[in-house]
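Before any comments, here is the structure.
The values are calculated or read from the model by the stated rules, or taken from the named source; none is laboratory data. None of the values given here were measured: they were computed from a predicted structure. Glycine gets a Cβ as well: all are built from the backbone with ideal geometry, and neighbour counts include every protein chain shown.
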Amino acid sequence: MNDLPDQPLSSSVPEVESVDSTSVVDPRFERAMQRLHQVNVCARWAFVLLLWLVLAPLSLWELRYPIRLMLEYFTWAALRYGIIYTPLPSMGLFFCIGVTIAVLVWQSRNILFGFPKAYQARLAKRVQRIHQQGESHPFWQWVHGEKS
């Protein structure tokens, strides 16, 4: 599976001050950055899922009367009533929607335009910190794919 020689990755980790798209980086370090990015993506979607499983049902339960009003006869006044007179459940639902849209936009931007240089630099610094701490770091196994 791994066709690279078995040498410690920490010895091949370059000191990163800024990441260029033209700079040559060790392929194992690039793979570690990609895995860390995948951990970030999974963590963001797990947070979104948690919001929709916990906060959204509670908010919808509290909004059941305004929703019933709007199902019978939709008016902008009923929508306004639901938002203004039940502010916490409305904010909870808007928070779920907002976080979902933010994660979708963030991931779409990364897919369509690539990673911004600042994000690449943060990923590289985090990978370096994981390498410096070694196997005791909680993300060590996820970044390297296996425990050694």
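Table for the structure above
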quantity: Residue match in the stretch 7-19 (condition: assigned to a helix (DSSP H, G or I), at pLDDT below 90, surrounded by 14 or more Cβ atoms within 10 Å (Cβ to Cβ) and not charged (D, E, K, R)); calculated: yes
quantity: Test result for V39, in contact (Cβ under 8 Å) with a residue 60 or more places away in the chain and among the hydrophobic types (A, V, I, L, M, F, W, C); calculated: yes
quantity: Residues located in the stretch 78-125, provided they are within 15 Å of the chain's Cα centre (by Cα) and of a type in the set (D, E, K, R); calculated: R109, R122
quantity: Single condition I130 does not satisfy, out of (1) among the β-branched types (V, I, T); (2) free of Cβ contacts under 8 Å to residues at least 12 places away in the same chain; (3) surrounded by 11 or more Cβ atoms within 10 Å (Cβ to Cβ); calculated: (2)
quantity: Residue that is nearest to M91 (Cα to Cα), among those in the stretch 44-75 that are in a helix (DSSP H, G or I) and among the hydroxyl-bearing types (S, T, Y); calculated: S59
quantity: Selection count, the stretch 76-120, where residues are in a helix (DSSP H, G or I), surrounded by 16 or more Cβ atoms within 10 Å (Cβ to Cβ) and touching a residue at least 24 places away in the same chain (Cβ under 8 Å); calculated: 8
quantity: Exclusive hit being out of contact with any Pro (no Cβ under 9 Å at 6 or more places or on another chain) and charged (D, E, K, R), set R109, R80; calculated: R80
